[in-house]
Amino acid sequence: MNKLKNITAVGLLLFFLGGCSLTTQIQPTDANVPVAIAPFNGEYSIAFNIANQTDLTKDYPFAGKIHRSPLKDFTKQEVIETKSKLESSRSRGGVSEAIGLFNVLTGNLTGVIDIAGGMATDLSSSSDRHPSISSRWIVSVDASEYKNESEAKREILDKIQTAVLNEFKKYDINLLETKRNGLTFHYCQLKSNEFVELGITHHTDSSDKKVEPAIKQMVSFNGVDKLSYAIGLRDAYSYDKLVYPVNLELFTHKDVVGDDSYDDFMKRVTEHLPSNYYFYQVSFPKYRAFDLKLYVNTEMVVPSIYTEGKRYDFIKPDTKPL
């Protein structure tokens with residue numbers, strides 16, 4: 001009973017989907033087809049219950065092969081073992097440079113194996129194709145409030161972009177953007193004149209046919225089922241995401257962000273977004289910068305979901321959150 005109280009207390013049942021039962025296999029070409037729903041299960045974490053309304057937990061057919069989802073609730077022991085391996089890798093010189101909670105690697109990807117590869121909590125070591133190995137925004141909005149899908153997607157993009165850029169404005173950086181090949185890129189210039197890409201890249205025209213469609217299906221808002229537009233319920237596959245995640249690199253510049261972390265930043269971003277906005281974050285997020293260095297956040301050892309200023313980890317409910 002206590003496990004059920006947790007989810008109702010934070011109001012996350014808003015996102016649980018309604019509608020007819022569908023197959024649990026996701027066809028990647030059917031990007032505008034509703035996703036199979038799953039009832040709330042108190043044996044799983046809040047994070048897993050939210051992800052279970054999307055293709056993040058579903059079998060994924062691709063290139064003639066069924067890819068099983070590596071996403072699950074991890075045990076406290078698995079997390080302890082992962083952190084132990086990280087410390088062991090550092091002591092052996094398994095990383096070329098360490099900046100706070102980030103490891104900066106040069107050259108090819110072999111260094112990632114020294115840090116995270118093969119660890120129980122690193123999803124990318126379990127699958128090379130399943131959608132759950134990539135971070136994404138998951139959003140649903142009441143369809144009755146918009147003239148059409150394009151208008152809904154435009155507002156979703158605007159809200160996310162505004163929330164992220166407002167947080168970046170708190171740092172002593174010069175915010176810039178450039179548009180090329182139909183895309184808008186956000187970056188900044190530091191006092192050192194170094195340029196850092198900030199992420200949230202998106203198509204300048206959100207109605208572009210290359211952009212992921214907003215699935216139209218029933219979603220529960222405060223216990224009332226309403227027809228909604230939703231993004232992030234399934235992998236965009238041959239489409240570009242409506243908006244991409246925030247990049248990691250700026251948070252390695254401690255002279256700019258101070259004690260602020262990527263985790264703190266994402267909590268503040270989602271605090272300024274409506275309750276039906278979620279960000280799914282993979283474990284050990286990686287980012288290759290302009291200088292070809294690979295940044296790996298080794299603080300985030302389990303996948304998480306951010307919403308309303310909080311982070312919910314994929315950790316079994318019978319273990320204490322980290």
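Could you run through the stretch 200-218 and say how many residues are buried (at least 20 other Cβ atoms within 10 Å of the Cβ) and of a type outside the set (Asp, Glu)?
Qualifying residue count, the stretch 200-218: 8.
If I filter the stretch 199-213 for residues that are of a type in the set (A, V, I, L, M), over 16 Å from Pro274 (Cα atoms), in contact with a Phe, Trp or Tyr (Cβ under 7 Å, 6 or more places away or on another chain) and assigned to a loop (DSSP other than H, G, I, E, B), do I get at least one hit?
no
Any chance the stretch 219-238 includes a residue that's surrounded by fewer than 18 Cβ atoms within 10 Å (Cβ to Cβ), out of contact with any helix residue (DSSP H, G or I) (no Cβ under 9 Å at 6 or more places or on another chain), under 30 Å from Asn148 (Cβ atoms) and of a type in the set (Ser, Thr, Tyr)?
yes
Return yes or no: is Leu176 within 28 Å of Leu294 (Cβ to Cβ) and either outside any loop (DSSP other than H, G, I, E, B) or of a type in the set (Asp, Glu) (or both)?
The answer is yes for Leu176.
When residues of the stretch 33-60 are filtered for being modelled with pLDDT under 80 and exposed (fewer than 15 other Cβ atoms within 10 Å of the Cβ), how many remain?
Here the count works out to 1.
Looking only at the stretch 281-316, how many residues end up being under 26 Å from Val139 (Cα atoms), among the basic types (Lys, Arg) and in contact (Cβ under 8 Å) with a residue 60 or more places away in the chain?
Here the count works out to 3.
Failed condition for Lys153, given (1) assigned to a loop (DSSP other than H, G, I, E, B); (2) surrounded by 17 or more Cβ atoms within 10 Å (Cβ to Cβ); (3) in contact with a Ser or Thr (Cβ under 6 Å, 6 or more places away or on another chain), with all others met?
Here Lys153 meets the rest and fails (1).
Please find, within the stretch 252-264, the residue that is nearest to the chain's Cα centre (by Cα) out of those that are under 14 Å from Gln189 (Cα atoms) and assigned to a helix (DSSP H, G or I).
Val257
Considering only the stretch 256-277, I want to know if a residue exists there that is at positive phi and either in contact (Cβ under 8 Å) with a residue 40 or more places away in the chain or surrounded by fewer than 21 Cβ atoms within 10 Å (Cβ to Cβ) (or both).
Checked against the condition, which is being at positive phi and either in contact (Cβ under 8 Å) with a residue 40 or more places away in the chain or surrounded by fewer than 21 Cβ atoms within 10 Å (Cβ to Cβ) (or both), the stretch 256-277 yields at least one hit.
The values are calculated or read from the model by the stated rules, or taken from the named source; none is laboratory data. All values reported here derive from a predicted model rather than from experimental measurement. Cβ atoms come from the backbone with ideal geometry, glycine included; neighbour counts cover every protein chain shown.
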